[in-house]
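Working notes, structure below.
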């Protein structure tokens, strides 16, 4: 007989599925309603940016594997922003952010663990 026990552990997969569903729903409303013109890079940005933001926020709430989730969250979020604003911001600026932010967070995490 199995016992079901409530846990306070945060499940990454359930939140990720929710973020994907919401981002696809918002994307369908925006493009289906004619509010935005269909652009393949912005379609990708609609999925990657919220997922990266969720991963970044998730990394702040957990103790284990924090650098992993933190770096991937930043990489996905900045990549999504670069797809969303490729016509407004130079890609090299966003690529520079993509290099600097994960390196800085990795260094901060290293210093935090060293103490």
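The values are calculated or read from the model by the stated rules, or taken from the named source; none is laboratory data. Only a predicted model underlies this, so the values are computations on that prediction, with no experimental measurement involved. Positions of Cβ are generated from backbone atoms using ideal geometry, with glycine treated the same way; all protein chains shown enter the neighbour counts.
Do you know which of the residues in region 60-83 that are surrounded by 16 or more Cβ atoms within 10 Å (Cβ to Cβ), more than 10 Å from the chain's Cα centre (by Cα) and over 13 Å from residue 47 (Cα atoms) is modelled with the lowest pLDDT?
67
Among the candidates 86, 54, 31, single out the residue that is surrounded by 11 or more Cβ atoms within 10 Å (Cβ to Cβ), out of contact with any strand residue (DSSP E or B) (no Cβ under 8 Å at 6 or more places or on another chain) and not in a helix (DSSP H, G or I). Steps first, please.
On the way: 54 fails: not in a helix (DSSP H, G or I); 31 fails: not in a helix (DSSP H, G or I).
So the residue among 86, 54, 31 that is surrounded by 11 or more Cβ atoms within 10 Å (Cβ to Cβ), out of contact with any strand residue (DSSP E or B) (no Cβ under 8 Å at 6 or more places or on another chain) and not in a helix (DSSP H, G or I) is 86.
Criterion first (surrounded by fewer than 17 Cβ atoms within 10 Å (Cβ to Cβ), more than 21 Å from residue 108 (Cβ to Cβ) and modelled with pLDDT under 90) does residue 26 satisfy it? Before the answer, list the steps.
Details: surrounded by fewer than 17 Cβ atoms within 10 Å (Cβ to Cβ): yes; more than 21 Å from residue 108 (Cβ to Cβ): yes; modelled with pLDDT under 90: no.
Spelling it out, it is not the case that residue 26 is surrounded by fewer than 17 Cβ atoms within 10 Å (Cβ to Cβ), more than 21 Å from residue 108 (Cβ to Cβ) and modelled with pLDDT under 90.
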